[in-house]
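The values are calculated or read from the model by the stated rules, or taken from the named source; none is laboratory data. All values reported here derive from a predicted model rather than from experimental measurement. Positions of Cβ are generated from backbone atoms using ideal geometry, with glycine treated the same way; all protein chains shown enter the neighbour counts. We work out accessible area using only protein heavy atoms, side chains counted, and drop any ligands, DNA or RNA first. Shrake-Rupley method; radii C 1.70, N 1.55, O 1.52, S 1.80 Å.
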Amino acid sequence: MKGRAYQLLRSCLGERNPPSARGAFIYARVIMRARVVPEEITPALDDPEIERRLESALSEILPRE
C-alpha cells in the first residue's frame, strides 16, 4: 500500500515535535532492526518487503498493549 512504510516509520516518533528522547531512541532502533534508510521511506513508496520489515521491527521493539 502506497505510503504505509512511511506511516509505520513515523508512528514510532509520536505526535510531538520535536520527538521525545524515547521516541527518537525507538525510531533509531526500528531503523537498525528493519535495515532501512529513512530518507528513502517517502509517502510515495510502495514496497511490501520494507513494510513487512518495519512491522516486524515495531512488533519486536514496542511494548504490547
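The phi-based Karplus calculation (6.51 cos²θ - 1.76 cosθ + 1.60; θ = phi - 60°) puts the 3J(HN,Hα) values of the range 8-15 at 4, 5, 6, 4, 7, 7, x, 9 Hz, whole numbers, x for Gly and Pro.
Per residue, the convex hull spanned by the alpha carbons of the chain comes to 88 Å³.
Pairs of Cα atoms nearer than 8 Å and 6+ residues apart set the relative contact order; for the chain it is 48 percent.
Here the Karplus curve 6.51 cos²θ - 1.76 cosθ + 1.60, taken at θ = phi - 60°, turns the phi angles of the range 50-55 into couplings of 5, 4, 5, 5, 5, 4 Hz, with x standing for Gly and Pro. Spin-label model, residue 61 to residue 37: label points 7 Å out along the Cα-to-beta-carbon direction sit 1.9 nm apart. Entry comment: accessible area of the chain is 72 Å² per residue, from protein heavy atoms only and a probe of 1.4 Å. Amide H contacts of residue 45 (H built 1.01 Å from N, in plane; Pro and chain starts excluded): 3 sit under 5 Å, all sequence-distant by 5 or more or on other chains.
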